[in-house]
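The values are calculated or read from the model by the stated rules, or taken from the named source; none is laboratory data. Remember, it's a predicted structure, so these values are computed and weren't measured experimentally. Neighbour counts run over all protein chains shown; Cβ positions are idealised from the backbone, glycine included.
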């Protein structure tokens, strides 16, 4: 390539299943968005093909907030529907923002840790230079903390 941009590896290309997962995350945040309460939606897909979606819970005491990824993952775990094989997260724009698109966001660092613990090897849809792409959760969290022994 002349522009010195490395080509995207094939594993980063979105599949139709990834696109359906993104839409599930967008659907839940469209339906449940409430300013200062829920602005992130997430969806996880398990090996069975079932999709679990959730919104994050924003609280006045930030430490008590719960990410949408954790809630969606918890639903799958509670129903013993594992392994989780893919995750997509989206952000609803706030009312004052000019851009109105519900965009793809990468999971926060805490969610990356949680996903590597409970969904190792899963695909995670993230923003990329040429649009959304999928990466292994381990790609998003190199040198993960591991307990000794």
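Restricting attention to region 119-135, the residues that are farther than 20 Å from residue 52 by Cβ, assigned to a strand (DSSP E or B) and within 14 Å of the chain's Cα centre (by Cα) add up to 2. As a summary of the residue check, residue 138 satisfies the conditions (1) assigned to a loop (DSSP other than H, G, I, E, B); (2) touching a helix residue (DSSP H, G or I) at 6+ places or on another chain (Cβ under 9 Å); (3) surrounded by fewer than 18 Cβ atoms within 10 Å (Cβ to Cβ) except for the one numbered (1).
Yes or no: region 95-117 includes at least one residue that is more than 18 Å from residue 134 (Cα to Cα) and either surrounded by 15 or more Cβ atoms within 10 Å (Cβ to Cβ) or in contact with a helix residue (DSSP H, G or I) (Cβ under 9 Å, 6 or more places away or on another chain) (or both). The answer is yes, given that some residue of region 95-117 is more than 18 Å from residue 134 (Cα to Cα) and either surrounded by 15 or more Cβ atoms within 10 Å (Cβ to Cβ) or in contact with a helix residue (DSSP H, G or I) (Cβ under 9 Å, 6 or more places away or on another chain) (or both). Suppose the filter is at pLDDT 90 or above, farther than 16 Å from residue 132 by Cβ and in contact with a strand residue (DSSP E or B) (Cβ under 7 Å, 6 or more places away or on another chain); does residue 54 pass it? Against the criterion (at pLDDT 90 or above, farther than 16 Å from residue 132 by Cβ and in contact with a strand residue (DSSP E or B) (Cβ under 7 Å, 6 or more places away or on another chain)), residue 54 qualifies.
Take residue 30 and tell me if it is surrounded by fewer than 17 Cβ atoms within 10 Å (Cβ to Cβ), over 14 Å from the mean Cα position of the chain (by Cα), free of Cβ contacts under 8 Å to residues at least 24 places away in the same chain and outside any loop (DSSP other than H, G, I, E, B). So residue 30 fails the test.
Table: residues versus (1) exposed (fewer than 15 other Cβ atoms within 10 Å of the Cβ); (2) in contact with a strand residue (DSSP E or B) (Cβ under 6 Å, 6 or more places away or on another chain); (3) part of a strand (DSSP E or B).
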{"position": "42", "(1), (2), (3)": "no, yes, yes"}
{"position": "48", "(1), (2), (3)": "yes, no, no"}
{"position": "59", "(1), (2), (3)": "yes, no, no"}
{"position": "71", "(1), (2), (3)": "no, yes, no"}
{"position": "86", "(1), (2), (3)": "no, yes, yes"}
